[in-house]
Amino acid sequence: MDLQIALMLGQDGMVNGAIYALMALALVLVFSVTRVILIAQGEFVTYAALSMAVVQAGGRPAIVWLLLALALLTLVMEAWRHRQGLRVDWKATLVWTVLLPAIALALVFGFKPQTAWMQAAVVIALIVPMGPLLYRLVFRPLAHASVLFLLIVSVALHLVMAGLGLYFFGAEGSRTNAVWDASWDLGGVPVSGQSLVVVCAATVLLVAMYLFFERSIIGKALRATAINRVGARLMGVPTDLSGDVCFALAALIGVVSGILISPVTTIYYDTGFLIGLKGFVAAIIGGLTAYPAAVAGAVLVGQLESFSSFWASAYKEVIVFTLIIPVLWWRSLNTRHVEDEE
């Protein structure tokens, strides 16, 4: 391997690492607030990438019917909870189940986006509401279940969403147009505009998330819920709404990741699972709680995958996933066991 090849592999590793960093950020966020290891995070990537391909081809993503079905089921569930005498926040419920799905429906059937930014806006409006709807339907009724039970449910949700992805998008893969199709030759190393877009967009999103958690009231409420759910509830933080917001943010991060990665690689209905799994390895490196360590882990995973593809292409996935073993062994020796607070 000479320096030129090493630089090319390093560039690929940075691009992949940027996507894995976003995945790790979403997984850490959801686990910190709700104790759910969201295996289905990768499905948001898949849905967004394949929906973007359909929109760019001038079609209407059939996944909009899944959004409407989720909204209807959630509305029925909230009505049933209200009938049972449970408290229902109808303002938030109507936003997630009526307003946002109506906007998505209007954009899909009444709007012909011509530019990449407009097409991305349609995809965001279509996929992001699915996050809080899935939380309300699947995970909120299990808020007091053990982490292991939530993990089992999360795996089941992933399988269902992957199957729905196959039904709505088919088995054929798709690749979207590049946001920026420029390219340069820097010292013999080809650099594409799309690679710069991926790294810069991921960096901007990570900084925006940092400012959101440090400066905004909602971000501080999410942090309080992540640190102590009972204490946050006693201080007046609506923890149920925190679950809605963190799942919406996770879906948004997944959508942005899907839009960024789809011009770089062909996306199939089950591609998101591998992307999410590598983000999970990065999140494990961060202990599922530390955002900076998870981002550093994502860069490590991206570089390891890239250089493994050169030295042992057939075993690159094995090498990446084997990384989790020494990390877990090290953490088991250095982490004090803490019982669940509730």
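The values are calculated or read from the model by the stated rules, or taken from the named source; none is laboratory data. These numbers were taken from a predicted model, which means no experiment stands behind them. FYI the Cβ positions are ideal-geometry reconstructions off the backbone, even for glycines, and counts take in every protein chain you see. To get the accessible areas, we keep the full protein, side chains included, count just its heavy atoms, and leave off ligands, DNA and RNA. Shrake-Rupley method; radii C 1.70, N 1.55, O 1.52, S 1.80 Å.
Any residue in segment 205-216 that is touching a Gly at 6+ places or on another chain (Cβ under 6 Å) and among the small types (Gly, Ala, Ser)? So far as segment 205-216 goes, no, none of its residues is touching a Gly at 6+ places or on another chain (Cβ under 6 Å) and among the small types (Gly, Ala, Ser).
Condition (residue is surrounded by 18 or more Cβ atoms within 10 Å (Cβ to Cβ), charged (D, E, K, R) and within 16 Å of VAL33 (Cβ to Cβ)) applied to segment 302-314: is it met by at least one residue? Taking every residue of segment 302-314 in turn, none turns out to be surrounded by 18 or more Cβ atoms within 10 Å (Cβ to Cβ), charged (D, E, K, R) and within 16 Å of VAL33 (Cβ to Cβ). Checked against (1) more than 18 Å from VAL36 (Cα to Cα); (2) in a helix (DSSP H, G or I); (3) open to solvent by 10 Å² or more (accessible area, probe 1.4 Å), PRO190 meets all criteria but (2).
What are the residues in segment 66-99 that are of a type in the set (Val, Ile, Thr) and either in a helix (DSSP H, G or I) or more than 17 Å from PHE139 (Cα to Cα) (or both), if any? If the condition is that a residue be of a type in the set (Val, Ile, Thr) and either in a helix (DSSP H, G or I) or more than 17 Å from PHE139 (Cα to Cα) (or both), then THR74, VAL76, THR93, VAL95, THR97, VAL98 are the ones that fit.
For the condition touching a strand residue (DSSP E or B) at 6+ places or on another chain (Cβ under 9 Å) and either modelled with pLDDT of 85 or more or part of a helix (DSSP H, G or I) (or both), THR203 does not qualify. From the list LEU126, LEU137, the one residue that fits, being surrounded by 19 or more Cβ atoms within 10 Å (Cβ to Cβ) and in a helix (DSSP H, G or I), is LEU126.
Checking the stated criteria, ALA106 turns out to be in a helix (DSSP H, G or I) and either more than 22 Å from the chain's Cα centre (by Cα) or over 22 Å from THR265 (Cα atoms) (or both).
LEU94 fulfils the conditions (1) surrounded by fewer than 18 Cβ atoms within 10 Å (Cβ to Cβ); (2) within 30 Å of PHE310 (Cβ to Cβ) except for a single criterion, (2). Is there a residue being outside any loop (DSSP other than H, G, I, E, B), surrounded by 24 or more Cβ atoms within 10 Å (Cβ to Cβ) and at pLDDT below 90 anywhere in segment 34-47? Yes, segment 34-47 contains a residue that is outside any loop (DSSP other than H, G, I, E, B), surrounded by 24 or more Cβ atoms within 10 Å (Cβ to Cβ) and at pLDDT below 90. Only one of the numbered conditions (1) modelled with pLDDT of 85 or more; (2) farther than 20 Å from LEU134 by Cβ; (3) part of a helix (DSSP H, G or I); (4) open to solvent by less than 50 Å² (accessible area, probe 1.4 Å) is not met by GLY279, and that is (2). For the structure I just gave you, tell me whether PHE247 is open to solvent by less than 40 Å² (accessible area, probe 1.4 Å) and closer than 30 Å to ALA53 by Cβ. So PHE247 fits the description; yes. The residues listed here are ILE267, ILE253; of these, the one that is open to solvent by less than 60 Å² (accessible area, probe 1.4 Å) and over 28 Å from LEU142 (Cβ atoms) is ILE267.
Here LEU196 fits the description: closer than 26 Å to TYR268 by Cβ, assigned to a helix (DSSP H, G or I), open to solvent by 20 Å² or more (accessible area, probe 1.4 Å) and modelled with pLDDT under 90. Counting only residues that are of a type outside the set (A, V, I, L, M, F, W, C) and part of a loop (DSSP other than H, G, I, E, B), which one in segment 296-342 is modelled with the highest pLDDT? So the residue we want is THR335. Take the residues of segment 152-183 that are open to solvent by 70 Å² or more (accessible area, probe 1.4 Å) and in contact with a Gly (Cβ under 8 Å, 6 or more places away or on another chain): which is modelled with the highest pLDDT? Looking at the filtered set, the residue picked out is SER183. Looking for something under 18 Å from the mean Cα position of the chain (by Cα) and under 17 Å from LEU22 (Cα atoms) - is there at least one such residue anywhere in segment 305-324? There is no residue in segment 305-324 that is under 18 Å from the mean Cα position of the chain (by Cα) and under 17 Å from LEU22 (Cα atoms).
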